[in-house]
1. Has the stretch 161-171 got at least one residue that is free of Cβ contacts under 8 Å to residues at least 60 places away in the same chain and surrounded by fewer than 19 Cβ atoms within 10 Å (Cβ to Cβ)?
2. Name the residue, out of 144, 140, that is in a loop (DSSP other than H, G, I, E, B), more than 22 Å from residue 196 (Cα to Cα), free of Cβ contacts under 8 Å to residues at least 40 places away in the same chain and outside the structural domain of residue 51 (by TED's automatic domain parsing).
3. Confirm whether residue 50 is within 18 Å of the chain's Cα centre (by Cα) and of a type outside the set (A, V, I, L, M, F, W, C).
4. Exactly one condition in (1) basic (Lys, Arg); (2) closer than 16 Å to residue 4 by Cα; (3) modelled with pLDDT under 90 is false for residue 212; which is it?
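The values are calculated or read from the model by the stated rules, or taken from the named source; none is laboratory data. Quantities reported herein were computed from a predicted structural model and do not represent experimental measurements. Note: ideal-geometry Cβ built from the backbone for every residue, glycine included; neighbour counts use all protein chains shown.
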Amino acid sequence: MSMTAHVMIVEDEEPLSLMLRYNLEAEGYRVDIVERGDDAEAVLREVTPDILILDWMLPGLSGIELCRRLRQRPDTRALPIVLMTARGEESERIRGLTTGADDYVVKPFSVPELMARIRAILRRSKPGLLAALLRAGDLELDRETHRVRRKGRELHLGPTEYRLLEFFMQSPGRVFSRAQLLDGVWGRDVYVDERTVDVHVGRLRKALGNGRDPIRTVRGAGYSLNEEMILK
Ligand code: CA
């Protein structure tokens with residue numbers, strides 16, 4: 001079970017959902033997109049994300065009705081929900097909040113503002129999940145500034161290498177299979193070959209520079225953040 005925050009977006013406007021996915025993934029979130037309200041209701045019986053970004057206007061089942069139903073289910077009663085509404089629906093905002101959304105944004109909204117709200121909600125609902133600073137051995141990863149330092153010196157990682165390192169640093173010493181890394185770093189619904197993991201682990205090692213290799217290859221099993229380095 002990964003500690004990367006998992007965001008589910010329920011929105012049928014593809015340009016918006018893809019733009020949100022892009023921005024959320026860049027911040028290290030794992031993102032799923034569902035386009036219909038009724039599909040989301042079904043998917044949420046199988047998967048519980050850490051937060052739901054829910055559009056009001058959806059095919060199949062409206063966001064507001066889905067929100068109401070989720071609040072009645074014991075397994076989703078406490079699921080954090082941010083409702084997205086269109087400008088014309090602003091007068092309905094109060095109804096949205098009383099239906100149980102934790103927050104709302106009015107389209108067109110600023111993406112950094114939505115990101116800030118998501119972080120604020122997750123900090124309340126899952127403290128620890130978004131610890132701003134992760135440390136392991138001589139490595140330091142700052143999730144607010146996206147900076148990575150080794151022995152105090154700043155390193156420059158690509159976005160995938162950053163997420164990979166963040167994933168490892170959330171569970172130091174734990175061995176992850178390539179499939180688990182794909183699931184936690186790339187996401188369940190992205191088709192990527194398992195060899196891609198090896199390529200990015202290689203890039204990460206290179207970016208981490210000289211000195212002791214912080215990533216341990218576990219033959220036949222996968223990779224982990226090297227315990228010896230963590231104990232250093
Ligand atoms: Ca919509």
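1. Checked the stretch 161-171: no residue is free of Cβ contacts under 8 Å to residues at least 60 places away in the same chain and surrounded by fewer than 19 Cβ atoms within 10 Å (Cβ to Cβ).
2. Only one candidate passes the filter, namely 144.
3. yes
4. Of the numbered conditions (1) basic (Lys, Arg); (2) closer than 16 Å to residue 4 by Cα; (3) modelled with pLDDT under 90, the odd one out for residue 212 is (2).
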